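Take a look at the structure set out below.
The values are calculated or read from the model by the stated rules, or taken from the named source; none is laboratory data. The shown structure was predicted, so the numbers you read here are calculated from the model rather than taken from an experiment. Methodologically, a virtual Cβ is constructed for each residue, glycine included, from the backbone with ideal geometry; neighbour enumeration extends over all protein chains shown. Side chains included, ligands, DNA and RNA excluded: accessible areas come from the protein's heavy atoms. Shrake-Rupley method; radii C 1.70, N 1.55, O 1.52, S 1.80 Å.
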Amino acid sequence: MSIVTLSVSGLSYHYEQSPEPLFTALDFSLNTGWTGIIGGNGAGKTTLLRLICGGLDLQGGSITGVRDRIYCPQETESPGDLLDEFFQALYEGNNTAGRLFSVFALGHDWPYRWETLSHGERKRAQLAAALMREPDLLALDEPTNHLDADARNLLQEGLQGFDGVGLVVSHDRDFLGALCSGFLFVGDGIARYRPGTLEEVFEQESREKTAALRRYENLKQRYEQLKGETQARRETSAQKKKGLSGRTLSAKDHDGRARQNGLRLTGKDTIGDALAKKMQSRAERTRTELEAAAKDKPRFRKSGITIDGAVSSRDYLVRLPAGTLPLGAGRSLRYPDLVIAPGDRVALLGVNGSGKSTLIRKLFANGGIRTDETLHIAQEYGESERRALAERFGFLNSGDLGELLSHFYRLNGKADQVHSPELLSPGEFRKLALAEGLFRSCTLIILDEPTNHLDLPSRMAIEEALGDYPGALLVVSHDRAFREKLCTVCWEIAGEVLTLHPSRHEATCRFSGGASRGRP
């Protein structure tokens, strides 16, 4: 493939329901190689990828330099047309399809049982199908979501061989650092490209934000000083004019009146006004600079959330007798007695497709979970669930709605978009689902891949809040740091067997802490 360049010029976009444009006159160029797209949830990263790949109509500007463009979305609900194309090529003996089929460890029956595949398996199939096309431009939206460690390594290896323009949106810093040679920072309606390693560009971004904040504060202080001096000069000039009016002079003070007339003739009585106008002009110029600096000033939010919770008075929150769980395609999972007691913190581990989400559904059906005392955040939410959540806002009183919006805002959410679910990115919607559940008291929280789609500040806020939560936790996550900080008990699925590791230092679950109450 010849070297190609993506050129974006004057790109603008404005969602009809949004009060402000998302982008205004973006300009940037990207060459062959992988570029990471960096920005908070709701900054417009997904919209930018869809605009570049033709999934949304341009409202202004142009995109040139690339022809064949493929967008691989965050969602895994539908296999899409590319998967059929991939398997047809595979059966026709296409070498590229065969290699990717092996690299991503796909199954021949996956197109026929898409609904039974895990989200991680679906994501691997999507990525293999997209890479097989070998497009000029490949845009990947959160490709590491749902993937276990082995699958991430395979993905990284497969992507490094791509020789077109690659764009990747991800909050996985290790993945971005290993793959990308430059980064496009998106936010507040602008885009800035920075070449270099992830550490280098973040350090540069931090320096520039600090300098921008310092410039803003200095200009603000200078503007206030100039306003004060302008007002003082006006008051001084007014006092002098009052003294020159003659009202304070005696009718017999002929010399004083002569001096006043002389000042008027020479124009010296207007010097004070001229100085005040000059000072005002300087203040106006400084105000213009201040308004420009305000656009570049980094925006800081109040962070930190709390989770209302309680320790249940029941002996067990979950209790599932030992048994066998059908997984489909002739597979099954054997598990021992599973117990979660008040205060337990359990990590459920297993590779993609091992049955973690299926086991959670079994716990809800037969494990004695009280739904009114439990917060469950699922891996993914469909359109109907998005709208149902938005509709529930109408039943909240003003106090509860205010608290929900406060939690959402502190997770970096955009509060002006909560009543328009179609505007919310998957990450924004996940924050909203979390915010809805966090302010109601619960004794058990079940999180299925809670960090999927979330930006780094949001991950840290949730991690900190869960650390102080007094109730029980069941966490499914491929984020090792997240698991190890929060959990003390490990349920591990290996093959077709689930094994309990109560406070043991296993290779795959290096947790420390008290002994498990969830004994077999």
Exposure rank, largest accessible area first [D337, D172; 1.4 Å]: D337, D172
Region 8-78: trypsin sites (Lys or Arg not before Pro) falling in loop per DSSP and having at most 14 other Cβ within 10 Å: R67
Radius 12 Å from Cβ of D141, net charge of other residues (Lys, Arg +1; Asp, Glu -1): +1
Qualifying GluC sites (Glu not before Pro) in region 1-85, DSSP loop, other Cβ atoms within 10 Å at most 15: E16, E77
FRET efficiency for E403 and S18, using Cβ-Cβ distance with R0 set to 30 Å, rounded to 0.05: 0.80
Shape box of region 120-202 [Cα atoms, principal axes, largest first, Å]: 34, 27, 23
Where labels lie 7 Å past Cα in the beta-carbon direction, separation of D468 and S384 in nm: 3.8 nm
Solvent-accessible surface (1.4 angstrom probe) belonging to H119, in square angstrom, nearest 10: 40 Å²
1.4 Å probe accessible area per residue over region 32-95, in Å²: 46 Å²
Accessible carbon and sulfur surface of region 67-113 relative to its total accessible area, %, 1.4 Å: 48 percent
Carbon plus sulfur fraction of accessible area for region 346-403, probe 1.4 Å, in percent: 50 percent
Additional length obtainable on full extension of the chain from T324 to F395, 0.36 nm per residue less Cα span: 21.4 nm
Pair Q204, Q221: separation of 7 Å Cα→Cβ label points (nm): 2.9 nm
FRET efficiency, 1/(1 + (r/R0)^6) with R0 56 Å, evaluated for A232 and R192 via beta carbons: 0.85
Efficiency of FRET between N366 and E157 - r from beta-carbon atoms, R0 60 angstrom, step 0.05: 0.90
Stretchable slack from D81 to K278, in nm (0.36 nm times residue separation minus alpha-carbon distance): 64.1 nm
Distant alpha-carbon pairs in region 1-147 (separation over 26 angstrom), percent: 33 percent
Region 100-183, dipole about Cα centre (Lys/Arg Cβ +1, Asp/Glu Cβ -1), debye to the nearest 20: 100 debye
